[in-house]
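Peer 1: Before anything else, here's the structure in question.
What follows draws every value from the coordinates through simple rules; no lab data is involved. Bear in mind the structure is a predicted one, so any value in this text is a computation, not a measurement. Ideal geometry is used to build each Cβ from the backbone, glycine not excepted, and the neighbour counts take in all protein chains shown.
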Amino acid sequence: MSLQTAFRHRFLDVLASIYIYNEHRGYTSLDRVLEAVRARCPDNAEFIAAVEKHRADEEKHYRMFKRWFELRGKMPLKVDRTCGHIDHFIESVFGCTIEDLDTAAIVANPDEFEKLCRVIMVTEQRGMDQVDVLLKNKHILSDKAMKRIFEVVEKDEPSHWEPYDKWLRANGRRPNATWREKWTDYWIHKSLMLAKLPAVFVNRRNPRLTAWPDEDATVYA
Ligand SMILES: [Fe+2]
Ligand SMILES: [Fe+2]
């Protein structure tokens, strides 16, 4: 195998491993968000349906990456929450992990609920920008299945942040990220791309998952 082919294989392997983590984290975290939205806006069927669709899409993305690994006959590399954009964002804004988010307190406090909507919105907008970049990457373009996955993600992404934006505007809440949120998002993105991804790339002893996270929720623990 030429050096360039080996590089390409490793790059796609690492990128897909980080993506599958984030997609899985996305749809499982959205269960918590759905809980909050149903409690906060019980009469807003449109908003609830949009969040349900968002959750279903993230699970679909997860399954596309899972299929990609299955076809290669490999399991994803085991990464942890240091590779999760939403993990860092929630920890920075709410000071706790996603698991420890107090949904009842967020539902009871309009300012907290507004922050939660904005964190999801900014994360999804970042995801959308990132997919545009990846769809110009020659390694991704050279892998037909991977390219197709990102084309589907690209098509779904706007419908993931728009409902939160719409709700914030309709309810007189701030739709634009604060400077602190913008800085946090920028910093998370840069550290993921410039530190975390290369660290997994060069770590030849990085283990692989031994089970799929949708079958065993503890595999990323
Ligand atoms: Fe996704
Ligand atoms: Fe998304």
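Peer 1: Calculate the translational D of segment 79-140 in whole µm² s⁻¹ from Stokes-Einstein, where the hydrodynamic radius comes from the Kirkwood formula applied to all Cα pairs, the temperature is 25 °C and the viscosity 0.890 mPa s.
Peer 2: Value of D from the Cα-based Kirkwood radius: 187 µm²/s.
Peer 1: Among Trp161, Trp68, Trp187, determine the one that fluctuates most according to a GNM of the chain built with springs between C-alpha atoms less than 10 Å apart.
Peer 2: Answer for the Gaussian network model of the chain: Trp187.
Peer 1: Net charge near Gly26, counting Lys/Arg +1 and Asp/Glu -1 over other residues with Cβ under 10 Å of its Cβ?
Peer 2: In short, -3.
Peer 1: With N set to the residue count of segment 20-108, report its C-alpha Rg divided by 2.2 N^0.38 Å to two decimal places.
Peer 2: Normalised Rg, Cα atoms only: 1.23.
Peer 1: Could you calculate the contour length gain from Ser159 to Arg205, that is, 0.36 nm times the residue separation minus the distance between their Cα atoms, to one decimal place in nm?
Peer 2: Roughly 12.7 nm would be gained on extension.
Peer 1: List, largest first, the extents of the alpha carbons of the chain along their principal axes, each in whole Å.
Peer 2: Computed over the Cα atoms, the extents are 57, 32, 32 Å.
Peer 1: Averaging the inverse of every distinct alpha carbon separation and then flipping it gives the Kirkwood radius. What is it for segment 131-201, in angstrom units?
Peer 2: The Cα-based Kirkwood calculation yields 14.8 Å.
Peer 1: Test of understanding: in a Gaussian network model of the chain with alpha carbons linked when under 10 Å, which of Lys115, Lys78, Lys166 would top the mean-square fluctuation ranking?
Peer 2: So, out of Lys115, Lys78, Lys166, the one fluctuating most is Lys166.
Peer 1: Taking 0.36 nm per intervening residue step and subtracting the Cα-Cα distance, what contour gain separates Asp214 from Asp132 on full extension?
Peer 2: 26.8 nm
Peer 1: Using a Gaussian network model on the chain with a 10 Å cutoff between Cα atoms, which of Ser191, Ser17, Ser142 fluctuates the most?
Peer 2: Of Ser191, Ser17, Ser142, the most mobile in the Gaussian network model is Ser142.
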